[in-house]
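**Q** One structure follows; several queries about it will come next.
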């Protein structure tokens, strides 16, 4: 008999390299997750309203207006001001791609009422069926 006929095939998998890769990925996600939270610092008005029923898998489009009247749209991009007309175009594309997306507006409490109304009108013209307002709970 030759040597090859006496050798048994190896039937186990070495999982140590997979565990190493998994731990490296875990560390990477733990470090980058806090960096991925985005948002515009806005001084929200206070109102006693109930919270929205939002799950993690529901997409949301948040448009922010700062106290100086600059608009920002939360699409995972860098925080740079966007003109109102361009917000209508961008929001229209997002809403056309996902008609069930929740559209929310957060505006600074020092803003004039007309600025928020113009923004809500632009979003509804872009195809948003309803536009919600983000507020702070009283005493927060």
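**Q** Neighbour counts of other C-beta atoms within 10 Å: give me 66, 8, 110 arranged from fewest to most.
**A** Least crowded to most crowded, the residues run 8, 110, 66.
**Q** Taking each pair of distinct Cα atoms in the stretch 60-133 once, what is the resulting Kirkwood hydrodynamic radius in Å?
**A** 12.1
**Q** Can I ask one more? Could you list 86, 80, 12 in order of exposure, starting from the residue whose Cβ has the fewest other Cβ atoms within 10 Å?
**A** So the ranking, lowest neighbour count to highest, is 12, 80, 86.
Just so you know, all these numbers are worked out from the coordinates, no wet-lab data involved. All values derive from a computational prediction rather than experimental measurement. For neighbour counting, all protein chains shown are included, and Cβ atoms are generated from backbone atoms with ideal geometry for every residue, glycine included.
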